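J.: The structure follows.
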Amino acid sequence: MTQSRHDWPSLVASRSDAPAPPRASAARIGVGGPVGSGKTALIEALIPALHRRGVDLAVVTNDLVTKEDAERLRRSGLIAPERVLAVEAGACPHTVIREDPTLNMAAGDDLEAAFPGLELVIFESGGDNLASTFSLDLVDWWIFVIDVAGGDDIPRKKGPGVLKSDLLVVNKTDLAPHVGVDLPRMLAEADAVRGGRPVVATNARSGAGVEDVADAIAHAVLFRE
Amino acid sequence: MLHIESVVGDRADPALHRRLHHLEHRHAVDEIVIPRADMDRRRLRVTTPKGEDVAIALPRDQKLFDGAVLYIDDERAIVVRAEVERWLRLQPSSIAEGIELGYHAGNLHWRVRFEGESLLIALEGPAEAYYARLDNLFAGRRIRSTLLTGSAAA
Ligand SMILES: Nc1nc2c(ncn2[C@@H]2O[C@H](COP(=O)(O)OP(=O)(O)OP(=O)(O)O)[C@@H](O)[C@H]2O)c(=O)[nH]1
Ligand SMILES: [Mg+2]
């Protein structure tokens, strides 16, 4: 039952042929945040940035009842299509990243079994609200993506995603002038509510700020210097 | 950077305890205090009090625990100490208030424990933030509360 929801049966089948080598598993990170804040766009920008750092990676996407984001990543040409798995939440997206992350954990295990040198699995949560957080049974470290167009009052609202994430990404900085947002103030308020935990401003379209996100991942969970 | 890929054992284990005891005499045990919220991570990077950069990457089926020995040789050891957990004990004064409190605590995804007629809430930030939340939800009505630390609540 757990595995029938994956849409990449060959990987599931190869699991028993390729026993996991006796080493610590690949790092797992989460990317969460409100609907449309730019989670998939950020991952699309991160893939080449991480590839340039020599990181062997794969992605698991979570959508409500479709595989939209997985299909988009597979078609992107940025990553081998078989390195992208989709999990359908079927319910509130936070249930499969927090309350019962077993579907996602199994997808991560399948990817590790299929790609022995794998160093990093990125889990994109389905778009949710400001309260969504990841279970640390699923991921080692997680990013919360909000965007400028969602309003500069988002940090002040102190949602658990904004407060507890290991890295807060404020995306779509290019839109600030169009939506009347004072970006420096929004970033300062984000800093203030997060008590010293990092905040990065990005434009996932142009790639601005994406290197900083890749560096943070490399430092925190890949243990690059 | 020191890479740790599994836990050596529990400091309470007699053989390890003896070795640690010798090292302690020589001030050669480096004890890392890990915040409660980080104890569930399989991978994390910490700097020990003696200034060593430690990269922990445990297998998915292992977990850190208070007293986990991460490294030991004849010269030194590195041991985990879990930060003491703080709990807020809330004592509803009626069944209605208890139901209301349970509803809100669930909605807020607070980590809770039950103890007789009170609800214990694990504090993952300043207690004031939790009081402020409760004040909002209960429109100023006070719920009897006490602050507890880990050992008292355990
Ligand atoms: N202008 C601008 N548009 C962006 C940026 N990042 C993403 N977008 C656009 O915002 C829209 C949503 O981006 P997605 O990456 O699909 O967002 P998401 O968070 O993955 O969305 P869900 O998975 O549906 O919750 C798309 O039209 C993107 O092209 C950005 O930095 N600037
Ligand atoms: Mg998406």
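The values are calculated or read from the model by the stated rules, or taken from the named source; none is laboratory data. Everything numeric here is computed off the predicted structure, so don't read it as measured data. Because the Cβ atoms are built from the backbone with ideal geometry, glycine has one as well, and the counts that use them run over all protein chains shown. Just so you know, the surface numbers come from the protein's heavy atoms only, side chains and all, with ligands and any DNA or RNA stripped out. Shrake-Rupley method; radii C 1.70, N 1.55, O 1.52, S 1.80 Å.
J.: Assess whether B:G98 counts as being at pLDDT 95 or above, over 25 Å from A:H94 (Cα atoms) and open to solvent by less than 40 Å² (accessible area, probe 1.4 Å).
T.: no
J.: Can you go through A:A70, A:A13, A:A20 and tell me which one is part of a helix (DSSP H, G or I), at negative phi, surrounded by fewer than 16 Cβ atoms within 10 Å (Cβ to Cβ) and at pLDDT below 95?
T.: The conditions single out A:A13.
J.: A further question follows. Identify, please: which residue in the stretch A:102-147 is without any contact (Cβ under 8 Å) to a residue 60 or more places away in the chain and surrounded by fewer than 24 Cβ atoms within 10 Å (Cβ to Cβ) and is, among those, nearest to the other protein chains (Cβ to nearest Cβ)?
T.: Checked the stretch A:102-147; the qualifying residue nearest to the other protein chains (Cβ to nearest Cβ) is A:L136.
J.: Out of all the residues in the stretch B:105-127, which are away from chain A (no Cβ under 13 Å) and open to solvent by 20 Å² or more (accessible area, probe 1.4 Å)?
T.: B:V112, B:R113, B:F114, B:E115, B:G116, B:E117, listed by residue number.
J.: Answer yes if at least one residue in the stretch B:81-103 is in contact with a Phe, Trp or Tyr (Cβ under 8 Å, 6 or more places away or on another chain) and farther than 23 Å from B:R144 by Cβ, and no otherwise.
T.: yes
J.: With respect to A:A41, determine if the residue is assigned to a helix (DSSP H, G or I), open to solvent by 10 Å² or more (accessible area, probe 1.4 Å) and within 14 Å of ligand 2 (Cβ to nearest atom).
T.: So A:A41 passes the test.
J.: Take A:A80 and tell me if it is exposed (fewer than 13 other Cβ atoms within 10 Å of the Cβ), among the small types (G, A, S), more than 10 Å from ligand 1 (Cβ to nearest atom) and at pLDDT 90 or above.
T.: Yes: the conditions hold for A:A80.
Rundown of residues vs (1) within 16 Å of ligand 2 (Cβ to nearest atom); (2) farther than 17 Å from A:A49 by Cβ; (3) in a loop (DSSP other than H, G, I, E, B), yes/no style:
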position	(1), (2), (3)
A:V145	yes, no, no
A:V200	no, no, no
A:R205	yes, no, yes
A:D215	no, no, no
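J.: Going by the conditions given, is A:V193 within 15 Å of ligand 1 (Cβ to nearest atom), over 15 Å from the mean Cα position of the chain (by Cα) and of a type in the set (A, V, I, L, M)?
T.: Considered against the rule, which asks whether it is within 15 Å of ligand 1 (Cβ to nearest atom), over 15 Å from the mean Cα position of the chain (by Cα) and of a type in the set (A, V, I, L, M), A:V193 comes out as no.
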